[in-house]
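Colleague: Quick one: the structure is below, and I'll ask about it shortly.
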Amino acid sequence: MHKPLAGQIALVTGASSGIGTGVATALADAGAYVAINYHSHAEPAEQLAAAITAKGGEAFAVGADVSDEAQIDAMFDAVVKRYGTVDIVVANSGLQKDAKFTALTLADWNTVIETNLTGQFLTAQRAVREFERRGMRDVSKALGKIICMSSVHEVIPWAGHVNYAASKGGIQMMMKTIAQEVAPQRVRVNGIAPGAIRTPINKDAWDTQEKLDKLLTLIPYGRVGEVEDIGRAAVWLASDESDYVVGTTLFVDGGMTLYPGFADNG
Ligand code: BGC
């Protein structure tokens, strides 16, 4: 099997479920050693590490709340202690706390912004500091790679989800600004904007045929995404195959951002 990430160390935040699990698995299959971050669910993270190890890969689980700077530091220290450094960081942790605009509490606004946006800021900042500390390695053309997990909602407004959509819109501009700042050091920062991917976060949108049919009206390509779709995109963005890709958001959404409502209207 082709191992484009052989010899590289990856950290994936929020990897105990959903897209994070898919990305961690894909990076490991591509040859990377993978640190699997979780917040509150150690068991699935440890099971994932064991599954990767059983296949002949290398992984371990590391807990941290990404909105807490001290915990971010401790997580990076644990990865460096275990593997020596990190080459690929996927800032993936994210959550939804949905409510009608006038009912949304300040607490739920803050929780989503702190995890989704501040968490990615802290993760990316600590990653660049680590890349700078250890300098170039001969495993990649870049000093380091950061992938910010965004969403189609970095561009599609989403009623009832103002905290989530604001966090993802913020990720887009944060990612591009960091990319502009650190590209001269050969750090590549990019984003992935998944559409509707079959995970626990959006189960309510696909778990009956009726809901699935409704969801599919938003997806020109005619199927819901799977975490493997995002895993493959992450491997490419983390590898030298995408060495000239800097500050871009890769939409992996089956065409959700193509305004399908206009196909027979407008
Ligand atoms: C959200 C999902 C949603 C998808 C498409 C994602 O970012 O987390 O709940 O299904 O966007 O709307």
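The values are calculated or read from the model by the stated rules, or taken from the named source; none is laboratory data. Treat the numbers as computed from the prediction; the structure is a model and nothing was measured. FYI the Cβ positions are ideal-geometry reconstructions off the backbone, even for glycines, and counts take in every protein chain you see. Remember, those area values only see protein heavy atoms, side chains included, never the ligands or the DNA or RNA. Shrake-Rupley method; radii C 1.70, N 1.55, O 1.52, S 1.80 Å.
Colleague: Please list the equivalent ellipsoid semi-axes of the chain, computed as the square roots of five times the alpha-carbon gyration tensor eigenvalues, in descending order and whole angstrom.
Modeller: Working: eigenvalues 169, 78, 73 Å².
Semi-axis lengths for the chain are 29, 20, 19 Å.
Colleague: Kyte-Doolittle mean at least 0.0 and Cα extent at least 27 Å along the axis: which DSSP H helices of the chain qualify?
Modeller: Counting only whole DSSP H runs, the qualifying helices are 162-182.
Colleague: Sticking with this one: When only the heavy atoms of the protein chains count and the probe is 1.4 Å, how do MET256, MET1 rank by accessible area, highest first? Numbers along the way, then the final one.
Modeller: Details: MET256 25, MET1 175 Å².
So the residues, ranked largest to smallest area, are MET1, MET256.
Colleague: Here's something else I'd like to know. Select from ASP73, ASP240, ASP138 the residue whose mean-square fluctuation is largest in a Gaussian network model of the chain (Cα-Cα springs shorter than 10 Å).
Modeller: Greatest mean-square fluctuation among the candidates belongs to ASP138.
Colleague: Loop only by DSSP, 14 or fewer other Cβ within 10 Å of the Cβ. Give me the trypsin sites (Lys or Arg not before Pro) in the stretch 159-266 that pass, ordered by residue number.
Modeller: Those satisfying the criteria are ARG223.
Colleague: Measure off 7 Å from each Cα along the Cα-to-Cβ vector at LYS214 and ALA159, then give the distance between these two points in nanometres to one decimal.
Modeller: 1.3
Colleague: In whole Å, what is the distance between the alpha-carbon centres of the stretch 112-126 and the stretch 1-41?
Modeller: If we compute the Cα centre of each part, the gap is 19 Å.
Colleague: Indicate the gyration tensor shape class of the stretch 132-266 (rounded, prolate or oblate), computed on the Cα atoms with a ≥ b ≥ c the square roots of the eigenvalues: a/c under 1.5 is rounded; otherwise a/b larger than b/c is prolate and the rest oblate.
Modeller: Working: a/c = 2.40, a/b = 2.02, b/c = 1.19.
Judged from the Cα gyration tensor, the stretch 132-266 comes out prolate (a/c at least 1.5, a/b above b/c).
Colleague: Still on this model: Under a straight-distance cross-link criterion of Cα-Cα below 19 Å, which lysines are reachable from LYS211, leaving out those fewer than 8 residues away in the same chain?
Modeller: Here the lysines satisfying the reach criterion relative to LYS211 are LYS203.
Colleague: On to the next question. Can you tell me how much longer the chain between GLN47 and THR102 gets when fully stretched, taken as 0.36 nm per residue apart minus their C-alpha distance, in nm with one decimal? Could you put the intermediate results ahead of the total?
Modeller: On the way: separation 55, 0.36 × 55 = 19.80 nm, distance 4.05 nm.
Residue separation times 0.36 nm, minus the Cα-Cα distance, leaves 15.7 nm.
Colleague: On a 1.4 Å probe surface of the protein chains, which of HIS161, HIS2 comes out largest in accessible area, and what is the full order? Could you put the intermediate results ahead of the total?
Modeller: Working: HIS161 30, HIS2 135 Å².
Correct descending sequence by accessible area is HIS2, HIS161.
Colleague: Using DSSP loop states and a limit of at most 16 other Cβ atoms within 10 Å to flag chymotrypsin sites (Phe, Trp or Tyr not before Pro), what is the longest stretch of the chain containing no flagged site?
Modeller: Numbers: sites that count: TRP158, TYR221, TYR244.
The longest uninterrupted stretch comes out as 1-157.
Colleague: With springs connecting C-alpha atoms under 10 Å apart, model the chain as a Gaussian network and identify which of ALA205, ALA35, ALA61 has the largest mean-square fluctuation.
Modeller: ALA205
Colleague: Using the structure shown, select from LYS3/LYS145; LYS145/LYS176; LYS3/LYS141; LYS97/LYS168 the pairs with a Cα to Cα distance greater than 20 angstrom.
Modeller: none
Colleague: Given the DSSP H assignment, sum -39500 (n - 2.57) over each helix run of at least 4 residues in the chain and divide by its residue total; what's the result at 222 nm in deg cm²/dmol, nearest 500?
Modeller: -12500 deg cm²/dmol
Colleague: Right, another one. Please work out how much length the chain gains when fully extended from GLN125 to MET1, using 0.36 nm per residue of separation minus the C-alpha to C-alpha distance, in nm with one decimal.
Modeller: Full extension of this stretch gives 41.3 nm more.
Colleague: At a Förster radius of 30 Å, what calculated FRET efficiency corresponds to the Cβ-Cβ distance of ASN110 and GLU181, to the nearest 0.05? Could the numbers behind the result be given before it?
Modeller: Values: r = 26 Å, r/R0 = 0.88.
The formula returns an efficiency of 0.70 here.
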